[in-house]
Structures are given as structure tokens and as C-alpha cells.
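Please read through the structure below; I'll follow up with questions.
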Amino acid sequence: MRVAIVNDVALAREVLRRIILSTPEHSVAWVAENGEMAVKFALQDPPDIILMDLVMPVMDGVEATRRIMMERPCPILLVTSSVSGNFNMVYRAMGHGGMDAVNTPTLGPAGEVCDSEGILARLAKISRSKSPTLAISAGQEVSQTQTRPLATNRNAPVIAIGASTGGPAALVKILSKLPPSLPASVIIVQHIGADFAPSLASWLQDQCALPVRVAKTGDIPKVGEVLLAGTNDHLIVQGDGRLSHTAEPVSYPYRPSVDLLFSSLAKNEAEPGIAVLLTGMGNDGAQGLWQLRMRGWHTIAQDQASSVVYGMPKAAAERHAACEILPLELIPAALLRQLKI
């Protein structure tokens, strides 16, 4: 892949260049020292992905991300000196389409690059997502078991939500409108690195009335609770109603996959619920949404005008997987209407 570097610090640019060139399949597309240069270069020579710093002179990474995603969208990975220290900027940039965030790698005492794994893992994930996506048909769901007693909360409706690029901000707009007495459980798959998921759960929790936490294997979705996929494996619902994680299919490019969650719900959740597919690049979730609609679920896709990237919901609309195609601001009311509250 052709990878662009945007950073105002010469040492950071050199470290990122070394990381990119350490893998034969990657090359450096161009280098920019501030956001204004990045916008100009991205329009002239679109790369496969941009490694975007946040705190820069002339134009910061938040505004540069907004401009690029409006004018020439491409995957943008936020690479900043401290994700936790620049928390607000990270989420503002993600609201404009930044897909994930990592700390800027450093040089060790002997001049070796330290902490490059996060960037390389995300580059590999994006590279896989550009390959033809494996279809998940009704007969290809991951293996489920039903060896334990059925979970006690099976009759409560499930709201399943899938999102990618621009998803965190969209999730806030939905979750913040749901009451603490919500008579349903919520399960979310957001395309994001596992190391960033706990911070995302905390951020969502701060902005909504419902409790939000990272899902664990063995969890039983509970009424009024939001569970967020938080590993690089796929989050699925087993035959006994409990959540589990699976590495299969290993070759599937989206990890965790919205399709895998939706597919497992179509197979194993006895009572139809509500499924929502939000903004994002690619087509993950469209096929699983269609499976849920065929099983009697009420399915919703975000519309083009309110999507940061109209990829995943567009794929759902094209295969008629959505009962409704709605602007983001109308989705919370649609959820409450379906729950009759």
C-alpha cells in the first residue's frame, strides 16, 4: 500500500518512514509537515492510507481529516504522541472520519524503532479490507454450541449496531438519546483496534445514560446495557444466548466483523430484534443485515447524507437489506418506536 505521513516533527516522520518501509508491500506515498499540506497532497495524489498527526501548526489533524474526508475520502489512521493526552482531538477527528488511533512510535536508546506493532497491525487490516471480501452465506456462520442452559434473558429484544469510519460520533448521537430504562440490550461492533476499545467504551459511557462496557466471552446481554466488541477476534452470539469470540474466518478482512455478529444473531437469537448499520468504508454488515431482515428483524441503514462514508450502509441499501434508510438523527426515534416506548 502507498502510505502518506503527516507530522510536524522530523524525528516522528523518520520513525514512521522506517516502519512503513520495514514491510515490502508498503511504500511512502508522500510526506507532509502540517494539515494544510496534507489536504493539498491528498487531493493531488490520493494514497491508500494516511498516518495523520493531530497537534500541528497551520492546520491541525482534526481539520485536515475533516477536509480530506469531505473532498477525497481515504482511510486515515490517527497517529499522535499521546492518544489519552489528546483524547478530545482524537474523538473529534474520528467524528470526521478518522478510523482508529495509536500512539506515535519512538526510537529506543540504540536507535531501534519501538512500539511499531500497532501501526503495522492496522496497516495489515486495511490491506486485507482492500482484498475481495469473503461472502458469509446463511450456511457459513461460525460454529455455535448449545451445551449450556439457555440464558435467562432470551425474551428481551436485542439492538445490534455495526459501524466503521465515522462510527464513534454516530454511536454517541444514538446512545445519548436512549433512556436508562431501555427495555433492550445493545451490542455494538465498531471497527477499531482492540487496544483502543476500552477508551471508546469509556467515552461512550460518559455521553449516555446507559452503562457501556467492553464485551467478554460468556457475557449474557442484559436489558439496559451496552456491550462493545473489544478484541481483534469476531464477537458472536452462541446458541445459548451468550457472547463469545472467534478467530474464524481468519481470512475475513474486517476484524471484528459486523457481518459475523449479525449472522450469529440471525442463526441463534430466537426473538427478532433491531439491527442498525451505520457509516463506514467497505461493505461489512450488509450481508448480515439482509440475513436478519429475512429472519423478521427490523433493519435500519444510515442514509447517504448523514454518513461520513457511505460504504457499508450503501451496500445494505443496494441489496435491500434495510427495512428503513434513515438520517442519523432519526434513528434513535425509530429504535424507540420499534420498542413501543
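The values are calculated or read from the model by the stated rules, or taken from the named source; none is laboratory data. From a predicted model like this one, the values you see are computed outputs, not experimental measurements. Every residue, glycine among them, receives a Cβ derived from its backbone with ideal geometry; neighbour counts consider all protein chains shown.
Looking only at residues in region 1-10 that are surrounded by fewer than 17 Cβ atoms within 10 Å (Cβ to Cβ) and out of contact with any strand residue (DSSP E or B) (no Cβ under 7 Å at 6 or more places or on another chain), which one is farthest from GLY61 (Cα to Cα)?
Filtering first and then ranking leaves ALA10.
Yes/no matrix, rows are residues, columns are (1) surrounded by fewer than 19 Cβ atoms within 10 Å (Cβ to Cβ); (2) in contact with a helix residue (DSSP H, G or I) (Cβ under 9 Å, 6 or more places away or on another chain); (3) without any contact (Cβ under 8 Å) to a residue 12 or more places away in the chain:
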| site | (1), (2), (3) |
| --- | --- |
| GLY193 | no, yes, no |
| ALA197 | no, no, no |
| LYS216 | yes, no, no |
| VAL223 | yes, no, no |
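Related question: If we only count helices (runs of 4 or more DSSP H) wholly inside region 25-136, which ones have 1 or more residues that are outside the structural domain of PRO256 (by TED's automatic domain parsing) and modelled with pLDDT under 90?
In region 25-136, the matching helices (runs of 4 or more DSSP H) lie at 87-95, 117-129.
Being aromatic (Phe, Trp, Tyr), outside the structural domain of THR65 (by TED's automatic domain parsing), surrounded by 17 or more Cβ atoms within 10 Å (Cβ to Cβ) and over 24 Å from GLU269 (Cα atoms), is that true of even one residue in region 309-325?
Scanning region 309-325, I find at least one residue that is aromatic (Phe, Trp, Tyr), outside the structural domain of THR65 (by TED's automatic domain parsing), surrounded by 17 or more Cβ atoms within 10 Å (Cβ to Cβ) and over 24 Å from GLU269 (Cα atoms), so the answer is yes.
Being modelled with pLDDT of 90 or more and among the hydroxyl-bearing types (Ser, Thr, Tyr): is that true of SER176 here?
Answer is yes for this residue.
List the residue pairs whose Cβ atoms are under 9 Å apart, where the first residue sits in region 270-286 and is over 13 Å from ALA163 (Cβ atoms) and assigned by TED's automatic domain parsing to the domain that holds GLU318, the second is surrounded by fewer than 24 Cβ atoms within 10 Å (Cβ to Cβ) and of a type in the set (S, T, N, Q), and the two are 6 or more positions apart or on different chains.
Short answer, once both residue conditions are applied: ALA270/ASN155; GLU271/ASN155; GLY273/SER185; GLY273/GLN338; ILE274/GLN338; ASN283/THR133.
Could you give every pair whose Cβ atoms fall below 6 Å, whose first residue belongs to region 325-341 and is within 17 Å of PRO179 (Cβ to Cβ) and touching a residue at least 40 places away in the same chain (Cβ under 8 Å), and whose second residue is surrounded by fewer than 16 Cβ atoms within 10 Å (Cβ to Cβ) and among the charged types (D, E, K, R), counting only separations of at least 6 or pairs across chains?
These pairs meet every condition: PRO332/LYS177.
Starting from residues that are touching an Asp or Glu at 6+ places or on another chain (Cβ under 9 Å) and part of a helix (DSSP H, G or I), keep the ones in region 173-223 and report whichever is farthest from ASN86 (Cα to Cα).
Here the residue is LYS173.
Report whether or not ARG255 is in a helix (DSSP H, G or I) and either without any contact (Cβ under 8 Å) to a residue 40 or more places away in the chain or under 19 Å from the mean Cα position of the chain (by Cα) (or both).
Considered against the rule, which asks whether it is in a helix (DSSP H, G or I) and either without any contact (Cβ under 8 Å) to a residue 40 or more places away in the chain or under 19 Å from the mean Cα position of the chain (by Cα) (or both), ARG255 comes out as no.
Considering each residue of region 301-325, count those that are of a type in the set (Gly, Ala, Ser), closer than 20 Å to MET69 by Cβ and touching a helix residue (DSSP H, G or I) at 6+ places or on another chain (Cβ under 7 Å), and give that number.
First pass over region 301-325, keeping only residues of a type in the set (Gly, Ala, Ser): 301, 305-307, 311, 315-317, 321-322.
Now restrict to residues that are closer than 20 Å to MET69 by Cβ: 301, 305-307, 311, 315.
If we keep only those that are touching a helix residue (DSSP H, G or I) at 6+ places or on another chain (Cβ under 7 Å) too, we end up with 301, 306-307, 315.
Adding up the residues that qualify gives 4.
What number of residues in region 162-183 are buried (at least 24 other Cβ atoms within 10 Å of the Cβ) and either out of contact with any helix residue (DSSP H, G or I) (no Cβ under 7 Å at 6 or more places or on another chain) or on the phi > 0 side of the Ramachandran plot (or both)?
Residues meeting the conditions: 3.
MET52 - would you say it is crowded, with 20+ Cβ neighbours inside 10 Å and within 23 Å of SER202 (Cβ to Cβ)?
Judged against the criteria, MET52 is a match.
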